[in-house]
Amino acid sequence: MPDFVKIKNTISNYNRKIFVDSDKSLSIRWVLLASQAMGKSRAYNLLNSEDINSTINCIKKLGIKIVKKNNICEIYGKGINGFIYKNNITIDAGNSGTCGRLILGLLVASKKKIRLIGDKSLSSRDFSRVTLPLRKFGAKFFPQNKNYLPISILGSEYTKPINYFEKIGSAQCKSCMMLAALNAPGKTIIKAKKSRNHTELLFKNLNIPIKIKKSGAFEIIEVEGKKNFRSFNYNIPGDISSSAFFIVLTLISKKSKLIIKNVNVNPTRIGSISILNKMGANIKIINKRSYKGEILGDIFVKSKKKLKSINCPTDLNSSAIDEFLIIFLAASRAKGISFFKNISELNKKESPRLKIASKILNKMGVKTKLSPNSIKIYGNPSLKLSKKIVVKNFNNDHRVFMMSVVAALSFGGEWKIYNKNCVNTSFPSFINIAKSLGAKII
């Protein structure tokens, strides 16, 4: 089967209710924390994607029993640092930066060297942002001065708590240190720029000793280590990052309405909705309820004829970091010049997303002005395409692929988009859901 899709027609109007695939961030964190719990934990609706399967395979290699059957995953945890450390273990995080970085936090007390590898994309991403502070816990890394995968970690019998300052708003870095703190006797103190807080909420729900204080744009997080916790069950809700692609598809299509059911609308994750509403959308979260500290809800969106440009507030960046590609597409249809700044972190994702997004928009005929840290998008509300556009060579980045599909379904033209299987890392149902709304994708 060819690894590309062809799209020649814009999508017709629709009025539907859908479910998107389960939350990737929560799914990975559940697997990692369940591996450290005492006893059998069970997840319902765990995301069945390559990133989650990579995480599960890593944990299995470390001696933890995992059983998947139908819609249920069971993990038989052995407590903190209950891994079995055999000689010459290699674990493969695949494409998942979350798995790769967070699992290193659980290995600061490993008794033998563990080699961590990843795919080509992950191997190009800087791991020094976690390896440097993990050394302070007592972990050693080999080769000593290498910042990219593959690397090996050897833990310490004498782990110690640390003080850590996380400046960039990376939930991966913050969560890695929180997981490492589980293995360190005493109090680890983390000053972190605000970012998604799923790990903190899980710690609280599991009664892991944690205190959180606000300090301006930062939070002070204290974790008391060496405290075992009991197994736990979790019903994983839908993913807001996956939802964003169908939110924007509906928003910039004609005469359409959509309700996305049972989505995790954690306030630290809904920056995309805030940004789009500032651009004139009227996206509503209905049927809100609380679940284990998270906020769940249904998202209602309808088409909007006129969107306006935005000078995007930088305080929304961290809560929309995974959705900027699709937000850029909405800005392409808005009236005026939209400006997004302090977003260099986009070039440190699965691909250099800021550069690639600009190239795709330029192919569409949308003018952009790019810097290493920002992008200006000159919107064109009347843009309709009739030309051929080919999208390839984007490091198999799932979000680039999905952005391109939404562009084809919204702006017209004749598109050929490569690497269709890359959506399996995070959103395997993406193409099928688009087809269920009436998209003609070959």
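The numbers here are math on the coordinates, done by the rules we state, and not lab data. Because the structure is predicted, anything quoted here is derived from the model rather than measured. Heads up, the Cβs are rebuilt from the backbone with ideal geometry, glycines too, and the neighbour counts pull from every protein chain shown.
Excluding residues on the same chain fewer than 8 positions from LYS8, give the aspartates and glutamates whose Cα lies under 12 Å from its Cα.
Cross-link targets: GLU414.
Beyond 35 Å, what percent of the Cα pairs of the chain remain?
Values: 27022 of 97461 pairs.
Everything past 35 Å amounts to 28 percent.
Mind checking which aspartates and glutamates have their Cα closer than 18 Å to the Cα of LYS140? Skip sequence neighbours fewer than 8 apart in that chain.
List returned: ASP126, GLU157.
Computed over the Cα atoms of region 321-442, what is the convex hull's projected area averaged over all directions, in nm²?
Numbers: hull surface 28.1 nm².
Taking a quarter of the hull surface, the average projection is 7.0 nm².
Once the Cα atoms of helix 398-411 and of the chain are each reduced to a long axis, what angle between those two axes, in degrees from 0 to 90 to the nearest 10, is obtained?
20 degrees
When DSSP beta bridges are limited to those with both residues in the chain, what percentage is antiparallel, rounded to the nearest 5? Each step should come with its number before you reach the end.
Values: 58 of 82 bridges.
Bridges in the chain that DSSP calls antiparallel: roughly 70 percent.
Could you work out how far helix 240-252 tilts from the main Cα principal axis of the chain, as a 0 to 90 degree angle to the nearest 10?
Taking Cα atoms only, the helix is inclined about 10 degrees.
Once you've got the Cα coordinates, tell me which of LYS6/LYS288; LYS112/LYS136; LYS78/LYS261 are over 27 Å apart. If you can, show how the numbers build up before the last one.
Details: LYS6/LYS288 38 Å; LYS112/LYS136 18 Å; LYS78/LYS261 35 Å.
As for pairs spanning more than 27 Å Cα to Cα, those are LYS6/LYS288; LYS78/LYS261.
Note down the net charge around PHE245, summing +1 for each Lys or Arg and -1 for each Asp or Glu among other residues with Cβ under 13 Å from its Cβ.
Charge balance in the 13 Å sphere: -3.
Restricting to DSSP loop positions (anything but H, G, I, E, B) with no more than 10 other Cβ atoms inside 10 Å of their own Cβ, which trypsin sites (Lys or Arg not before Pro) remain in region 77-124? Provide the component values of the computation, followed by the final result.
Working: sites: LYS78, LYS86, ARG101, LYS111, LYS112, LYS113, ARG115, LYS120; in loops: LYS86, LYS111, LYS112, LYS113, LYS120.
Here the trypsin sites (Lys or Arg not before Pro) that fit, given the DSSP loop and packing criteria, are LYS120.
Aspartates and glutamates near LYS211 by alpha-carbon distance under 13 Å, same-chain residues fewer than 8 away left out - which ones?
GLU200, GLU219, GLU222, GLU224
Using DSSP to define loop residues, name the trypsin sites (Lys or Arg not before Pro) in region 294-381 whose beta-carbon has at most 16 other beta-carbon atoms within 10 Å. Please report the intermediate quantities before stating the final value.
Values: sites: LYS302, LYS304, LYS305, LYS306, LYS308, ARG333, LYS335, LYS341, LYS348, LYS349, ARG353, LYS355, LYS359, LYS363, LYS367, LYS369, LYS376; in loops: LYS304, LYS305, LYS306, LYS349.
Loop-located and lightly packed - LYS305, LYS306.
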